[in-house]
Amino acid sequence: MGAITMTDIFDLGPDEKTQHDDPSTRPRKKKRLSRPVKTLIIVASILVGLLVIVGVVAGVYAMNLARTFDDRTTTLPQAFPEESTRPTVSATGAMNILLMGSDSRGDETNLDDASSTDQRTDTMMLMHIDADRKNVYVMSIMRDLWVPIPGNGDAKINAAFAYGGSPLTVQTIEQLTGARIDHVAIIDFEGFAGMTEAIGGVDVVSDKAFTARGTQIQVGTNHLEGEDALNFVRERYSFTDGDYTRVENQQRFLQAVADKLISRDTLTNPTAITNFVGSVSDYLTVDDTLDAGAIASLGVSLRDVKNENIHFFTIPTSGTGTIGGQSVVLQAEGKMPGLRDALANDTLGAYLPTL
């Protein structure tokens, strides 16, 4: 990607610089975990995109984006467990963000209700931003991974949200990885179509041809946006290995979104950026410290990150099995100590080649 200057971004005329959808004229909606969401990948896309965008924009335009984000996202005040149960703050300066999507199998519980429900996080990713802010690592956590859930025995990891909302999910993942979670973000899939359409869709390469809810995917490059993109990242039943290929597809999709967002065409298009932020903010819920100011500060520090600096991998597993009549994904317990050390010491770059 060629160098992008402030002139490239702001030499656009006054209307283009400040045109945006006034949040005060739009009704606020209560965000809910109300539909099957297999699109946690979107949260990572949003955050990576926002971080890159705020690293290169400034002035009134950036202030407008920040206002849109803060006014239209929902905050989750009860995002974390009791401090006494948590790992210590990282001494390295690295940051970990837990990204969650949901699969509602019953009542439409509000996102800010931390009580026990029948809702499960269908997809989870841990985004690790290294201390020198030169690399971003996104680790997929298989939803059927069999783990201890504090106070609830062993179960699939996606049950943690049903048992105790975001606080118990954070506690479960912190116990599993040894890494302290600094921020939490949750997406409702209704924001998905608008997000992909705002940036003109993305090109994703598939190794397999399949049909997902009417969307035809071919071997090779597929241009996806809106419902087609959602169907691509949701599909699992077309594959003999189920969630493994689905997770790979999600990672490929996120890479494609990151590539598009980091491209010169997007970063120098204020309408695309404004539409992108506005189209997802109504459907995004974050912990009460992950506001536009926090994202802007982090984004400036990540301004030199390019697509090759964003790395994707999956938590170590040792295949599938059956426990209590349930099909589960088993931990690769022999590799977990290495993962915990890499997260603690901010050495994921050296750890990944060992997987």
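Can you find a residue in the stretch 221-231 that is surrounded by 12 or more Cβ atoms within 10 Å (Cβ to Cβ) and β-branched (Val, Ile, Thr)? No, the stretch 221-231 contains no residue that is surrounded by 12 or more Cβ atoms within 10 Å (Cβ to Cβ) and β-branched (Val, Ile, Thr).
Taking every residue in the stretch 322-350 that is modelled with pLDDT under 95 and pairing it with any residue that is basic (Lys, Arg), at least 6 positions away or on another chain, the pairs with Cβ-Cβ distances below 9 Å are Gln326/Lys156; Val328/Lys156; Val329/Arg143; Val329/Lys156.
Residues that are over 18 Å from the mean Cα position of the chain (by Cα) and surrounded by 14 or more Cβ atoms within 10 Å (Cβ to Cβ): does the stretch 251-258 have at least one? For the stretch 251-258, residues over 18 Å from the mean Cα position of the chain (by Cα) and surrounded by 14 or more Cβ atoms within 10 Å (Cβ to Cβ): absent.
Within this structure, Ile315 passes the test of being β-branched (Val, Ile, Thr) and modelled with pLDDT of 80 or more. Against the conditions (1) buried (at least 16 other Cβ atoms within 10 Å of the Cβ); (2) within 15 Å of Met127 (Cβ to Cβ), Ala344 satisfies every one except (2). Find the residue count for the stretch 135-179, including only residues that are touching a helix residue (DSSP H, G or I) at 6+ places or on another chain (Cβ under 7 Å), more than 22 Å from Val89 (Cα to Cα), part of a loop (DSSP other than H, G, I, E, B) and modelled with pLDDT of 95 or more. So the count comes out to 1.
Only one entry of Asp182, Asp207, Asp203 meets the criterion of being within 30 Å of Arg86 (Cβ to Cβ) and either touching a strand residue (DSSP E or B) at 6+ places or on another chain (Cβ under 9 Å) or modelled with pLDDT under 95 (or both), and that entry is Asp182.
The values are calculated or read from the model by the stated rules, or taken from the named source; none is laboratory data. Just so we're clear, the structure is a prediction, and the values are computed from it rather than from any experiment. Neighbour counts are summed over all protein chains in view; Cβ atoms, including those assigned to glycine, are modelled from backbone coordinates with ideal geometry.
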